[in-house]
Amino acid sequence: MADSSLPLRQTLPVRASAAPVGTPAQQAFRQAIQAVEDLRTQLQALRAAQAAARQTYWQQVGPVAAATVAARRALYEPLEVALTSGYLSRAEEQQVTMLLVHNARSLHERFGEDEAEVLARYAADAEPTPTPPVTPQASPAADMRTEAPTEQPHERAAAEARARRQQRAQQVREAKARAADTEGQALLQNTKAAYRQLARLHHPDRAAQADVATQQLQTELMQRITAAYAAGDLAALLSLLATEDGPTPTAEAEELLQRYTQALAQQQAQLGQQLAAAQRPVENAPWSGTEKQQKARLRQLKRDLRAETDYLVLLLRELREPTGLRGLLRELASRGQAGF
């Protein structure tokens, strides 16, 4: 038995989808504006998230990385002292110089440190002397065997003519693309030009012979145009081009809308390329990937840096003693390593 205290179930009418408002040119223009705004919002949100991830990364890794940098910088002093002490052989001096260069490059490439002074002092001495390659003397018979068949003059001329035509066609295509892009960018960046075009199309004087309602609409629209121009709001000016409550657009207004729609399509393509580039993960960047991957990578990196710092502190003690330094040099040579 039904409970009479409950309200009766009512069926609400299903909302019908609204029919598109405005002319096809106005609809296309509004869609182009919305697409550009959506892409711009996505790009801004993505860049903000990436900046926050980088900031979090450096806040957590920064102190650990600073300790590793300080430990590596401390290696310079005993290595440079060893070079001037006189107890190293020529081969050992060369190896110590390579250690200094390797350490400087590690600081520069991994941590962004400016090690130009150290590299300028030791990099040239660390590079092995290149031996000139031996060029085998080829016999005339071999030259004759390997020589390519000679191209006939008319074939060469035809190939050169084809290449010139292709080059000219490519230059024309590139020039047209640059001109269209420049025109579109100027159109989308020039607030004054948009205002003048809107004012010419929607000035109340043009509706002087119309009915009172049309004149009122034209006057209100012109007031909104003037307010947007005074505020320097190009987006508002562009949206007024396709306003739904304005008078029926003229052929001139329709043509103007099409020009702006084409310019917005170019901007949409550029924003799409920027978004795709921003979405590509930076290779080996700790802040790239999913949040779970970032956290795992961050933990591993901090462990590695702490272990490296501990190793460098122990290494520093060995480098201060001649026997310890020579033992390390022999160990590195046996492993074929140029640095720590």
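The values are calculated or read from the model by the stated rules, or taken from the named source; none is laboratory data. The model shown is predicted, which means the values in this text are computed figures rather than measured ones. Quick reminder, even Gly has a Cβ in these numbers, built from the backbone with ideal geometry, and neighbours come from all protein chains shown.
Just one residue in the set ALA163, ALA213, ALA175, ALA199 is of a type in the set (A, V, I, L, M) and at pLDDT below 75; that residue is ALA175.
Taking the criterion of being of a type in the set (Lys, Arg) and touching a residue at least 60 places away in the same chain (Cβ under 8 Å), the residues of region 284-340 that qualify are LYS302, ARG306, ARG320, ARG326. Summed over region 289-340, the residues that are loosely packed, with under 12 Cβ neighbours inside 10 Å and hydroxyl-bearing (Ser, Thr, Tyr) give a count of 3.
Check whether at least one residue in region 324-339 is within 30 Å of GLN60 (Cα to Cα) and either under 32 Å from the mean Cα position of the chain (by Cα) or modelled with pLDDT under 80 (or both), and report yes or no. Scanning region 324-339 turns up at least one residue that is within 30 Å of GLN60 (Cα to Cα) and either under 32 Å from the mean Cα position of the chain (by Cα) or modelled with pLDDT under 80 (or both). Scanning region 220-229 finds one or more residues that are under 19 Å from VAL36 (Cβ atoms) and either at pLDDT below 70 or out of contact with any Lys or Arg (no Cβ under 8 Å at 6 or more places or on another chain) (or both). Being outside any helix (DSSP H, G or I), farther than 30 Å from GLY289 by Cβ and at pLDDT below 85, is that true of even one residue in region 22-29? Scanning region 22-29, I find at least one residue that is outside any helix (DSSP H, G or I), farther than 30 Å from GLY289 by Cβ and at pLDDT below 85, so the answer is yes.
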